[in-house]
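Report on the following structure.
The values are calculated or read from the model by the stated rules, or taken from the named source; none is laboratory data. Since the structure is predicted, the reported quantities are computational estimates derived from the model, not experimental observations. Here Cβ is always computed from backbone atoms with ideal geometry, including for glycine, and neighbour counts include all displayed protein chains. The protein model used for the area step is the full one, side chains on, heavy atoms only, and it has no ligands, DNA or RNA in it. Shrake-Rupley method; radii C 1.70, N 1.55, O 1.52, S 1.80 Å.
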Amino acid sequence: RVQKFVWDTDAVATYKATRNRSIGDVFSSKFSMWLAHGCITGKQIVHEIARYERDRIGVPAPSGGDVQLQSTYWVVFELMWRDFCTLAEVQVGRRLFDYGGIRKAQGKWARDGAYPVLNNRADFAAWCEGRTGFPLVDAAMRELVATGFMSNRCRQNVASFLVYNLGVDWRWGGAFFEHHLLDHQVGANYVNWQTVSGVGWQQRDNVFNVVKQSVTYEPDAMYYRTWIQPDGTRGDFDLTRCPDHFIHVPWECKAHGFDGAAWREKMVRPPSMFFYNRHGLQDDIRKAKAAQGVDLDIGNNSYWKTKKFGGTSAEEQPAPGGRGGGYSGGRGGGKKKKNRLQQ
């Protein structure tokens with residue numbers, strides 16, 4: 001795998017620009033499965049990347065500029081984050097699984113707290129089975145169950161959706177990931193679930209707008225069509241007849257033989273809980289497709305913030321990063337902001 005990602009395809013040179021995609025073989029390193037099972041070490045990967053930088057750094061990067069240095073830096077940075085997760089796991093012990101996290105913030109989940117935990121089992125089942133009605137969430141969850149893998153960007157979004165939109169105990173999500181992920185590693189999984197929930201190693205609430213994230217990071221229809229298909233048990237959500245330009249918001253489609261109103265009725269939450277530019281959405285999709293290969297991970301959707309993709313006036317904050325086994329979340333601190341589900 002290292003040979004293919006680093007030398008055969010030079011994918012390591014474009015990692016920073018492609019790492020937020022969700023479909024394909026080398027959009028990300030996928031080293032996590034080999035790392036989780038002890039087939040390779042982070043140190044071996046770092047040494048290989050150093051050799052790549054030394055031997056090929058003079059070769060022009062595919063997209064121009066000094067992309068190799070940026071991208072190789074980020075691969076190594078993510079390996080360091082993975083090691084931090086392992087260290088944190090050892091340091092906190094059983095607190096890794098505490099309801100209130102290492103911050104002992106149980107009150108956050110109370111009925112009168114910032115994000116009341118409801119633990120509705122029907123909502124949790126819909127999330128697990130990919131039947132929420134939100135294409136990014138459903139495609140990612142179906143991919144996870146079918147293959148044991150999910151991209152980093154999708155891990156962030158489905159975790160945020162479960163905790164902040166469905167009001168389900170973050171530990172339920174962590175346990176589900178532990179059961180299904182081929183690259184599961186205890187520290188990486190639970191450190192990052194605490195992090196996205198804002199009860200771990202940073203204070204902010206990592207709330208994501210799954211509609212906007214869908215358009216920005218996976219604008220093409222292929223990913224959603226691949227996974228959201230009738231299978232005999234989940235035929236209630238089917239994108240087969242949904243036109244490409246409605247693939248991110250199928251509930252908005254009122255023609256082309258697709259019943260958007262019926263889709264909306266079966267959703268676990270109303271789509272109005274997320275801001276999106278309904279009238280400018282098609283232009284946003286075209287611009288996102290044109291920007292594929294350009295690194296959009298500057299803060300959290302900064303292109304939307306600056307209205308390059310239709311925009312929103314909501315305050316935004318840096319997105320969680322991090323890769324590796326389990327949910328991949330953010331790192332670091334920063335000021336806590338009141339989040340309005342607009343990222």
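So for the pair residue 241, residue 50, with labels modelled 7 Å out along Cα→Cβ, what separation do we get in nm? Placing both labels 7 Å beyond Cα along the Cβ direction yields 6.0 nm.
Per atom type, the range 85-165 shows carbon and sulfur on 51% of its accessible surface, probed at 1.4 Å. Counting only residues at least eight positions apart within a chain, or on another chain, the aspartates and glutamates with an alpha carbon under 16 Å from that of residue 108 are 98, 169, 205.
3J(HN,Hα) couplings calculated from phi for the range 168-185 with the Karplus curve 6.51 cos²θ - 1.76 cosθ + 1.60 (θ = phi - 60°) are, in sequence order, 10, 3, 4, 5, 4, x, x, 5, 5, 4, 4, 5, 9, 6, 6, 9, 5, 9 Hz; Gly and Pro show x. Using a Förster distance of 25 Å, how high is the FRET efficiency between residue 220 and residue 94, based on the Cβ-Cβ distance and rounded to 0.05? The computed FRET efficiency comes out at 0.05.
Here the Karplus relation 6.51 cos²θ - 1.76 cosθ + 1.60, evaluated at θ = phi - 60°, turns the backbone of the range 114-129 into coupling constants of 5, 9, x, 8, 9, 6, 6, 5, 5, 5, 5, 5, 4, 5, 4, 8 Hz, with x for every Gly and Pro.
When only alpha carbons are used to place a centre, the range 203-258 and the range 146-191 end up 20 Å from one another. Under the simplified labelling scheme, the residue 252-residue 111 pair shows an inter-label distance of 3.8 nm, with each label point 7 Å from Cα along Cα→Cβ. With 29 Å as the limit, the listed pairs 30/289; 104/212; 16/266 have 104/212; 16/266 beyond it between alpha carbons. Per residue, the convex hull spanned by the Cα atoms of the range 73-225 amounts to 118 cubic angstrom. Here the label points at residue 119 and residue 146, each 7 Å from Cα along the C-beta direction, are separated by 3.2 nm in the simple model.
For residue 20, the amide hydrogen comes within under 5 Å of no other amide hydrogen, counting only partners 5 or more places away or on other chains and with H modelled in the peptide plane.
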